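Beneath this line is the structure, given in structure tokens, with notes to follow.
The values are calculated or read from the model by the stated rules, or taken from the named source; none is laboratory data. Quick caveat, the model's predicted, so the values are computed rather than measured. When we count neighbours, we look across all protein chains shown, and the Cβ atoms used for this are built from the backbone with ideal geometry, even at glycine.
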Amino acid sequence: MSHQRFETPGRLQLRVDNRAGAVRLRAQPGTTTEVDVSVEGIEDPELIEQVRVEHEETAAGHRVSIEVPGHMGSPVGGGLRLYGKRRVRVVVPGLSDLLPALLGGKQVVVTVRLPESATVEVFTASGEVSADGRFGTTTIETSSGDINVGAVEGDLEVRTQSGQVEVSSVSGETRVATASGDVRCGALSANARFRTASGDVSVDASGGGLAAHTASGDVNVGQVESGCHIETVSGDQHISRLIAGLARLESVSGDLTVGIAPSTLVAVDAETVSGDLASEIELGPDQPAGGDGGAPDDPRADLRAKTVSGDLVIRRAR
């Protein structure tokens with residue numbers, strides 16, 4: 001195992017590109033960044049020596065970059081993809097998963113202990129990504145590796161093919177795209193956008209606008225505070241508590257279930273073509289139905305729900 005230690009006061013930017021194994025980040029109070037590189041299960045000094053670790057000062061603070069060399073983990077047949085103003089190397093799905101096999105089953109594990117609130121970019125193939133602690137703006141891209149992230153104080157962007165995604169909380173905007181991997185998020189304070197094919201999406205609480213689009217994946221949201229737009233083909237949709245904002249729910253064959261917060265005034269426009277429709281609230285798109293007490297300053301919601309063959313249930317949240 002190799003170990004390197006850097007003093008990195010001020011703003012830290014961390015970039016890890018490991019196509020041949022896992023990335024483990026541990027954010028903690030302090031100004032020191034420590035990098036450990038190992039080969040899982042064996043000692044292989046020659047392999048470890050080829051991993052590049054670079055540290056440089058910037059105008060705002062420091063930058064640390066860690067990269068597994070091209071012959072060990074660089075994209076095979078990959079190219080460039082443009083995200084905003086950032087150019088990011090990507091791996092052709094399928095080929096990236098062969099890299100550990102090409103290394104004889106060896107996986108290079110990169111572990112970084114770093115100051116809290118650092119800006120982070122991580123790229124792996126099939127290796128898992130775990131990030132414990134508090135981070136700034138965070139970007140993670142994998143092919144099939146699972147992703148587990150603690151608290152993100154900035155924006156979060158995640159792209160994966162089949163990896164599972166779990167995030168504790170995000171203060172900034174959230175963008176997650178996956179093919180078959182499930183997504184599980186805690187509290188989201190700002191706007192969030194999810195796109196999956198067959199993966200399920202679960203969110204404990206959404207404080208900003210929430211957009212979710214899936215084909216067969218289910219969407220479950222505990223609390224919606226500022227509206228949402230959810231589209232599925234066959235996936236079910238469930239909102240435990242709608243507090244305020246415009247909520248648009250659309251599905252072809254999925255079931256829709258919505259709980260309206262007790263004090264929320266709500267206007268409802270709901271339709272199912274061949275499914276069953278049940279509502280504890282009077283349906284009417286123009287005049288809102290009063291919540292418990294019906295005070296003038298009660299929050300207001302506008303629910304627009306439509307499914308073709310699925311069932312639709314609207315109730316008062318308990």
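Flag: Gly105 does not match the condition of being within 12 Å of the chain's Cα centre (by Cα), farther than 24 Å from Thr8 by Cβ, modelled with pLDDT under 95 and in a loop (DSSP other than H, G, I, E, B).
Take the residues in the range 123-143 that are farther than 12 Å from Thr160 by Cα and assigned to a strand (DSSP E or B); name whichever of them is nearest to the chain's Cα centre (by Cα). Talk me through it step by step, then tell me what you get.
Filtering the range 123-143 for residues farther than 12 Å from Thr160 by Cα gives 130-138.
Going one step further and asking which of them are assigned to a strand (DSSP E or B), we end up with 130-135, 138.
Numbers: Ser130: 13, Ala131: 13, Asp132: 15, Gly133: 16, Arg134: 15, Phe135: 14, Thr138: 10 Å.
Ranking the candidates gives Thr138 first.
Condition test on Ala20, is it under 25 Å from the mean Cα position of the chain (by Cα) and small (Gly, Ala, Ser)? Considered against the rule, which asks whether it is under 25 Å from the mean Cα position of the chain (by Cα) and small (Gly, Ala, Ser), Ala20 comes out as yes. Scan the range 299-314 for residues that are of a type in the set (Asp, Glu) and part of a strand (DSSP E or B) and the total you get is 1. You will find that of Arg15, Arg86, the residue that is at pLDDT below 90 and within 18 Å of Ile140 (Cβ to Cβ) is Arg86 and no other.
I'd like to know if the range 259-282 contains one or more residues that are touching a His at 6+ places or on another chain (Cβ under 9 Å), buried (at least 17 other Cβ atoms within 10 Å of the Cβ) and over 22 Å from Leu156 (Cα atoms).
Yes, the range 259-282 has at least one match.
The strands (runs of 3 or more DSSP E) found wholly in the range 144-248 and carrying at least 2 residues that are over 25 Å from Leu303 (Cα atoms) occupy 147-152, 156-160, 165-170, 174-178. Do you know which residues across the range 135-161 are among the small types (Gly, Ala, Ser) and either at pLDDT 95 or above or within 25 Å of Gln223 (Cα to Cα) (or both)? Gly136, Gly150, Ala151, Gly154, listed by residue number.
With Ala179, Ala244 as the choices, which residue is among the hydrophobic types (A, V, I, L, M, F, W, C) and touching a Pro at 6+ places or on another chain (Cβ under 7 Å)?
Ala244
Within the range 144-171, restricting attention to residues that are under 12 Å from the mean Cα position of the chain (by Cα) and more than 25 Å from Gly207 (Cα to Cα), the residue that is surrounded by the most Cβ atoms within 10 Å (Cβ to Cβ) is Gly163.
Rundown of residues vs (1) crowded, with 20+ Cβ neighbours inside 10 Å; (2) not in a loop (DSSP other than H, G, I, E, B), yes/no style:
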position	(1), (2)
Leu12	yes, yes
Val16	yes, yes
Gly21	yes, no
Leu25	yes, yes
Gly30	no, no
Asp36	no, yes
His55	no, yes
Ala59	no, no
Arg63	no, yes
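Contact annotation: residue pairs with Cβ atoms under 6 Å, 6 or more positions apart or on different chains, pairing a residue in the range 230-244 that is in contact (Cβ under 8 Å) with a residue 60 or more places away in the chain and of a type outside the set (Lys, Arg) with a partner that is surrounded by 24 or more Cβ atoms within 10 Å (Cβ to Cβ) and part of a loop (DSSP other than H, G, I, E, B), are Asp236/Gly254. In the range 118-134, the count of residues that are of a type outside the set (Ser, Thr, Tyr), modelled with pLDDT of 95 or more, under 24 Å from Gln223 (Cβ atoms) and surrounded by fewer than 19 Cβ atoms within 10 Å (Cβ to Cβ) is zero.
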